[in-house]
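Engineer: Can you read through this structure? Questions will come right after.
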Amino acid sequence: MFKKFTSEEISAQNQVKASVQRKIRQSISEEYPDLEPILDELLPKKSPLIVAKCQNHINLVVVNNVPLFFNVRDGPYMPTLRLLHQYPSIMKMLRVDRGAIKFVLAGANIMCPGLTSAGGALDEEVPAEAPVAIMAEGKQHALAIGYTKMSAKDIKSINKGIGVDNMHYLNDGLWKTLHLD
Amino acid sequence: MAAKPIPQQVLYCPVCSLPAEYCEYGPDFEKCKPWLIKNAPELYPELAKEAADKTAEQLEGLEVSSASKSQGSTSDSKPEEVKKLPGGKVKKKEKPEVVVEKVVRNKRKCVTIIKGLDMFGVKLSDASKKLGKKFASGASVVKGPTEKEQIDVQGDIMYDIVEFITETWTNVPESAIYFMEEGRKVPATA
Ligand SMILES: [Zn+2]
């Protein structure tokens, strides 16, 4: 999704109205309750909240020029990997085996067998259409943010095809965009 | 209400920008290596070895070694020492051995590395499968620093590994199994 993303493809950056800002805060705190205690620091009420509109209906939530969250159309907000690395426990995690790492880092979606093999791991609680952190065998930090196409239980039982869409991964365009000017 | 989460510090590589543990998958691992050797030796213990001694005889055997997080720098073992080490076995060069080593990859996770099973005619992919099954863990065949293939098993399995090897591959004698401990190779049969 952000494979070739650069700040040039942002079509508009707008400071959002207070009511919209509240809505964004609320949906983020509902999706990631563990972030609630620091939401005032992350998204200070007094700093302007910018929503940057990008291609393919992607929106970035930007504070002080730093992208913190993104979503597609009006889908759930997902943290950037840099933010997730700071607060790794806010998202449910799925783990791919070592063999899958290079494919994920090339932007490929996550295939079920990479999650169900010996090196993978599934949190059975994860439903379909949920944002998840993609971890990797032998690694401590997330390498991608995913959006599940099927539930963890189905990933296990069906064990075929794409289980999780790869939304954002290390070294993609969003990773490289530390600041928006 | 939930406690206020404390932001974690992640060690990012200034060369490729990725978390240091992912440099090996980055655009140019070679360029990251000098920085990694200095700043993240515990993540890539094999790099220090590689740099310290490119001509080192590859340890031809199964080594099991253990390193703890506080001893990140122990991996720069001197191959000389290793060769002379225990039991006065001087002819190790020709002798097939299995060397098992435990490496702490980051704070809590560790990996047990097994080298040399192939010297006993064991197919590493099969061995990896068996190890993964036996220890209910991720096991994979990876290229080691000396271009030889080794098996990495997630977790600390040092405890049971010798018994498992000798029972599974009966042509591997216990006496040919070594542990790497703090950079030194010691016989598993102590
Ligand atoms: Zn690097």
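The values are calculated or read from the model by the stated rules, or taken from the named source; none is laboratory data. Note that the coordinates shown come from a computational prediction; the quantities given were computed from them, not determined experimentally. Glycine also receives a Cβ, built like all others from the backbone with ideal geometry; neighbour counts cover every protein chain displayed. Accessible surface areas use protein heavy atoms only, side chains included; no ligands, DNA or RNA. Shrake-Rupley method; radii C 1.70, N 1.55, O 1.52, S 1.80 Å.
Engineer: I need every pair where a residue in segment B:14-39 that is more than 15 Å from A:TYR169 (Cα to Cα) and of a type in the set (Lys, Arg) has its Cβ under 7 Å from the Cβ of a residue that is open to solvent by 20 Å² or more (accessible area, probe 1.4 Å) and near the ligand (Cβ under 7 Å from one of its atoms), sequence separation at least 6 or different chains.
Structural biologist: As it stands, the answer is B:LYS31/B:VAL15, since those pairs meet every condition given.
Engineer: Is it the case that A:LYS23 is on the phi < 0 side of the Ramachandran plot, part of a helix (DSSP H, G or I), out of contact with any Gly (no Cβ under 9 Å at 6 or more places or on another chain) and of a type outside the set (Ser, Thr, Tyr)? Steps first, please.
Structural biologist: Values: on the phi < 0 side of the Ramachandran plot: yes; part of a helix (DSSP H, G or I): yes; out of contact with any Gly (no Cβ under 9 Å at 6 or more places or on another chain): yes; of a type outside the set (Ser, Thr, Tyr): yes.
So A:LYS23 passes the test.
Engineer: Can I ask one more? Only residues that are within 9 Å of the ligand (Cβ to nearest atom) and among the polar types (S, T, N, Q): list them for segment B:3-35, please.
Structural biologist: Scanning segment B:3-35 gives a single hit, B:SER17.
Engineer: Suppose the filter is in a loop (DSSP other than H, G, I, E, B), touching a Pro at 6+ places or on another chain (Cβ under 8 Å) and either outside the structural domain of A:GLU125 (by TED's automatic domain parsing) or surrounded by fewer than 19 Cβ atoms within 10 Å (Cβ to Cβ) (or both); does A:PRO76 pass it?
Structural biologist: Working: in a loop (DSSP other than H, G, I, E, B): yes; touching a Pro at 6+ places or on another chain (Cβ under 8 Å): yes; either outside the structural domain of A:GLU125 (by TED's automatic domain parsing) or surrounded by fewer than 19 Cβ atoms within 10 Å (Cβ to Cβ) (or both): yes.
In short, yes.
Engineer: If a residue has to be at the interface with chain A (Cβ under 7 Å from one of its Cβ atoms) and open to solvent by less than 20 Å² (accessible area, probe 1.4 Å) to count, how many in segment B:11-25 make the cut?
Structural biologist: 4
Engineer: Let me spell it out: the conditions are (1) over 26 Å from A:ASP74 (Cβ atoms); (2) within 12 Å of chain B (Cβ to nearest Cβ), and A:ALA142 meets all of them except one. Which number is the exception?
Structural biologist: (1) is the only condition that A:ALA142 fails.
Engineer: I would also like to ask the following. Which ones in segment A:64-74 are out of contact with any His (no Cβ under 8 Å at 6 or more places or on another chain) and at pLDDT below 95?
Structural biologist: Here is the first cut: in segment A:64-74, the residues out of contact with any His (no Cβ under 8 Å at 6 or more places or on another chain) are A:64, A:67-69, A:71, A:74.
Selection gives A:ASN64, A:ASP74.
Engineer: Take the residues in segment A:3-20 that are touching a strand residue (DSSP E or B) at 6+ places or on another chain (Cβ under 7 Å) and assigned to a loop (DSSP other than H, G, I, E, B), then tell me which one is most open to solvent (accessible area, probe 1.4 Å).
Structural biologist: Our first condition is that a residue be touching a strand residue (DSSP E or B) at 6+ places or on another chain (Cβ under 7 Å); within segment A:3-20, this holds for A:10-16.
Still in the running and assigned to a loop (DSSP other than H, G, I, E, B): A:10-11, A:16.
Values: A:ILE10: 29, A:SER11: 95, A:VAL16: 27 Å².
Filtering segment A:3-20 for residues that are touching a strand residue (DSSP E or B) at 6+ places or on another chain (Cβ under 7 Å) and assigned to a loop (DSSP other than H, G, I, E, B), the one most open to solvent (accessible area, probe 1.4 Å) comes out as A:SER11.
Engineer: Take segment B:28-44 and flag every residue that is farther than 10 Å from B:CYS16 by Cβ and in a loop (DSSP other than H, G, I, E, B).
Structural biologist: Across segment B:28-44, the qualifying residues are B:ALA40, B:PRO41, B:GLU42, B:LEU43, B:TYR44.
Engineer: Next question, about the same structure. When you scan segment A:115-139, how many residues do you find that are open to solvent by 20 Å² or more (accessible area, probe 1.4 Å) and either in a loop (DSSP other than H, G, I, E, B) or more than 13 Å from every other protein chain (Cβ to nearest Cβ) (or both)? Lay out the reasoning, then the answer.
Structural biologist: We begin by selecting, within segment A:115-139, every residue open to solvent by 20 Å² or more (accessible area, probe 1.4 Å); these are A:116-118, A:121-125, A:127-129, A:135.
The next check asks that each one be either in a loop (DSSP other than H, G, I, E, B) or more than 13 Å from every other protein chain (Cβ to nearest Cβ) (or both); those that pass are A:117-118, A:122-125, A:127-129.
Total satisfying the criteria: 9.
Engineer: When only residues in segment A:93-108 that are touching a residue at least 40 places away in the same chain (Cβ under 8 Å) and touching a helix residue (DSSP H, G or I) at 6+ places or on another chain (Cβ under 9 Å) count, which is nearest to A:GLN26 (Cα to Cα)?
Structural biologist: So, considering only residues that are touching a residue at least 40 places away in the same chain (Cβ under 8 Å) and touching a helix residue (DSSP H, G or I) at 6+ places or on another chain (Cβ under 9 Å), the one nearest to A:GLN26 (Cα to Cα) is A:LEU94.
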